C-alpha cells in the first residue's frame, strides 16, 4: 500500500447541484474506489481561479492508502472526473484553463516519482498553489514530515507549512477554509 495525496477542485455545477455540493459528494465517492482507502480529508476551501476561467473554486485534499500503481490511480481519477461531467479539451493555445465540474489531481505518492508525459510525481505545480497547500495543511496531522514537496524556485524538499508561508499574502487571502475537516475516526464509529 502507498500513501497518496489527491487534490480536488470544482467551480461549475453539475446534475442540478452546486460545485460545492458535488465536491462533497465526490469526497465520499473516493471511499468506494477499489484498492483504495481514504484516511483523511481536508475541509473545503474556497479559492479564486488561478489561470482558469469561471467563478470561485471549491478545493480539498484527500489522503488515501492504495495498492494501485500511479498510472492505475490516475485512470481511476480520470474516470471519476468523466462520470462527474468533466470534459477535457486540448489546452494548446489557451491562455486560461476552462472552468470545470471536477478536477482531480494526484499530487504525491509516497516513495514514488515520475516524470512521464501522462503523470509527474510529485505534481510539478502543487508546491506553488494556495488551493492545494491550504487544504494540505489540514492533513499535516496525518502526514507529519512524510510529505515534502519541491520548492518552486529551488527544488529543495519543503513542508506544506513552509511552502504556504512563502506564498504571496494575496494568494493566501484568496484561498480560505469553509468548514471543519472530516475526522476519519468519526467515519469508523
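Where a number appears in this text, it was derived from the coordinates with a stated rule and is not lab data. Remember, predicted model here, so these are calculated numbers, not experimental data. Backbone-built Cβ (ideal geometry, glycine too); neighbour counts: all protein chains shown.
Tabulated results
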{"read-out": "Most to least packed among 68-80, 4-16 [average Cβ atoms within 10 Å]", "value": "4-16, 68-80"}
{"read-out": "Virtual spin-label span in nm between residue 72 and residue 161, 7 Å along Cα→Cβ", "value": "3.5"}
{"read-out": "Kirkwood Rh and Cα Rg combined as Rg over Rh, evaluated for the chain", "value": "0.93"}
{"read-out": "Average Cα contact separation per residue, the chain, under 8 Å, 6 or more apart, as relative contact order %", "value": "29"}
{"read-out": "Region 111-172, relative contact order [Cα under 8 Å, separation at least 6], %", "value": "30"}
{"read-out": "Sum of -39500 (n - 2.57) over DSSP H runs of 4+, divided by residues of the chain (222 nm, nearest 500)", "value": "-7500 deg cm²/dmol"}
{"read-out": "Considering only the chain, percent of DSSP beta bridges that pair antiparallel, nearest 5", "value": "95"}
{"read-out": "Alpha-carbon radius of gyration plus Dmax, which is the widest Cα pair, for region 1-89 in Å", "value": "13.1, 37"}
{"read-out": "Rg/Rh for region 30-79, where both radii come from Cα atoms and Rh is the Kirkwood radius", "value": "1.06"}
{"read-out": "Normalised per residue, the volume of the convex hull around the Cα set of region 28-135 (Å³)", "value": "115"}
{"read-out": "Contour excess over end-to-end distance, with Cα ends at residue 65 and residue 176 and 0.36 nm allotted per residue", "value": "37.3 nm"}
{"read-out": "Theoretical FRET efficiency, 1/(1+(r/R0)^6), r = Cβ-Cβ of residue 48 and residue 118, R0 22 Å, to 0.05", "value": "0.20"}
{"read-out": "Ranked packing of 143-152, 34-43, most packed first, by mean Cβ within 10 Å", "value": "34-43, 143-152"}
